[in-house]
1. Once you list every other residue whose beta carbon is under 14 Å from the beta carbon of residue 59, what net charge do they have if Lys and Arg are +1 and Asp and Glu are -1?
2. Quick one: angle between helix 2-58 and the longest Cα principal axis of the chain, in degrees between 0 and 90, rounded to 10, please.
3. Among (1) 60, 35, 34; (2) 117, 57, 13; (3) 60, 33, 19, only one was calculated for this model; which label is it, if the read-out is Cα extents along the principal axes in Å?
4. Find out how many positive minus negative residues lie around residue 39, taking Lys and Arg as positive, Asp and Glu as negative, among other residues whose Cβ is under 12 Å from that of residue 39.
5. Enter the angle in degrees (range 0 to 90, nearest 10) between the Cα long axis of helix 61-71 and the first principal axis of the Cα atoms of the chain, meaning the one along which they spread out most.
6. About its Cα centre, how strong a charge dipole does the chain have in debye, to the nearest 20, once Lys and Arg get +1 and Asp and Glu get -1 at the Cβ?
7. What is the sum of charges, Lys and Arg at +1 and Asp and Glu at -1, for the other residues whose Cβ falls under 14 Å from the Cβ of residue 113?
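Read-outs throughout are calculated quantities, based only on the coordinates presented, and are distinct from any laboratory measurement. Just so it is clear, the model here is predicted, and its values are computed rather than measured. Here the Cβ positions follow ideal geometry from the backbone for every residue, glycine too, while neighbour counts run over all protein chains shown.
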Amino acid sequence: MKKILFAVLTLSLILVIIGLSRSIYDLWKKQDLVISYQKQLAKQKAENQALKQKLSTTNNPKFLEEQVRDNLFMVKPGEQDVIISKELLIGTSSAKPIEEEIANWKKWWHLFF
């Protein structure tokens, strides 16, 4: 009778130990999961803060005016638009091409021959 009671008690303790070890392992895995989600949360908070900063910058009237002038080419009343042709920026079309447009091997060729 003592042997059967001892065997049952030993078996039940083994089952309890196995159950506890599985619970500990599950908690350990969940802790890693919680840590990874905390890192993601910190990353999302930093991104959110950066987006809020960008939003406050874009709501600034000076920024809006700069964007309208640069990207939409709009002017204030009383101002005059100035358009400069590419020929004036580069030079006249009858002029010799700019040195940067000539290939390097041609520059060497002209230098020696």
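1. Working: positive: 52, 54, 62; negative: 65, 66.
Once positives and negatives cancel, what remains is +1.
2. 20 degrees
3. Working out Cα extents along the principal axes in Å from the coordinates points to (2).
4. Working: positive: 43, 45; negative: 32.
Cβ neighbours under 12 Å give a net charge of +1.
5. On a 0 to 90 degree scale, this one is about 60.
6. It works out to roughly 1240 debye.
7. Working: positive: 106, 107; negative: none.
Neighbourhood net charge equals +2.
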